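J.: Have a look at this one before I ask anything.
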Amino acid sequence: MIPDSTNAAFAALADRIYASSSSAQVYQAIVDTAVDVVTGCDHSCIMLVSAGVVSTAAASDAVAAAIDEYERAIGEGPCLDAILEETAQVDPDLSSGSPWPRLAEQVVAVTPVRGMIGFRLLVDGRKAGALNLFSDTRGGFTLESVNQASILASFASVALMTLGAREEAGHLSKALTSNREIGKAVGLLMAAHKVPQERAFEILNSTSQNLNMKLADVAAKVVQGQQEQYKRP
């Protein structure tokens, strides 16, 4: 069961996302929430991929931003691997045989960070980036931390869809409506097909491509069809 405090934090995050007027505000809301919600997390950042170029979209502080720079410069790390891999990239103790030895050496030498986690972020089934979390405590990240971060990463993926919907819609009010429809449709597909969120995204996206319709329009049709089904005697 998710603690009430965590539920409250996610509710506050949702409010910040829907009230945001820019992508930078949305990204910042996510990394700030990571520090508040995930057990053991002291710093967080989001790394995005656009046209093959990897960049930092937001960081909770200078430490997180610096580690992102080290990852790109060295060419290894949890965020880079998370973009490519479906599974979470976890190293709770950088001093104990890290999967990213060069990065770990640099991080331990110049920052207080001693543990790292990376989670892939998806938009319409596309590998859009990763959420990176850092702990100043060896072993500070636990299974509970990974579960909390997984939920946040899923939430962040939906937030990125919000941004995509905003750009597609052309103005904020329509984008917010589109995102709500997409979120509802994903939830309905997860329940109907008994599949995880990523697979539901894929189903919605492939249907959009096959029908040559915008993702938000397909989502609206899914939601409308479910509502009409409930209205039937």
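J.: Just for region 49-65: of the residues that are aliphatic (A, V, I, L, M) and under 15 Å from the mean Cα position of the chain (by Cα), which one is nearest to V107 (Cα to Cα)?
T.: Applying the filter and picking the extreme gives A59.
J.: Which number in (1) among the small types (G, A, S); (2) surrounded by fewer than 15 Cβ atoms within 10 Å (Cβ to Cβ); (3) assigned to a helix (DSSP H, G or I) marks the one condition that A104 misses?
T.: Status for A104: all satisfied but (2).
J.: A further question follows. Within region 77-95, how many residues turn out to be part of a loop (DSSP other than H, G, I, E, B) and either surrounded by 22 or more Cβ atoms within 10 Å (Cβ to Cβ) or in contact (Cβ under 8 Å) with a residue 12 or more places away in the chain (or both)?
T.: Step one: of region 77-95, the residues part of a loop (DSSP other than H, G, I, E, B) are 77, 85-88, 92-95.
Pick out the ones that are also either surrounded by 22 or more Cβ atoms within 10 Å (Cβ to Cβ) or in contact (Cβ under 8 Å) with a residue 12 or more places away in the chain (or both) and you get 77, 85-86, 88, 92-95.
Looking only at that region, the number is 8.
J.: If I go through region 59-76 residue by residue, how many of them are surrounded by fewer than 22 Cβ atoms within 10 Å (Cβ to Cβ) and either within 17 Å of A159 (Cβ to Cβ) or not charged (D, E, K, R) (or both)?
T.: 8
J.: Could you run through region 39-58 and say how many residues are buried (at least 19 other Cβ atoms within 10 Å of the Cβ) and closer than 20 Å to S157 by Cα? Full working, then the answer.
T.: Step one: filter region 39-58 for residues buried (at least 19 other Cβ atoms within 10 Å of the Cβ), giving 40-48, 56-58.
Imposing the further condition that a residue be closer than 20 Å to S157 by Cα reduces the set to 41, 43-48, 56-58.
The total comes to 10.
J.: How many residues, within region 93-135, are of a type in the set (D, E) and at pLDDT 95 or above?
T.: Residues flagged as of a type in the set (D, E) and at pLDDT 95 or above within region 93-135 amount to 2.
The values are calculated or read from the model by the stated rules, or taken from the named source; none is laboratory data. Quick caveat, the model's predicted, so the values are computed rather than measured. All Cβ positions, even for glycine, are placed from backbone atoms using ideal geometry, and neighbour counts span all protein chains on display.
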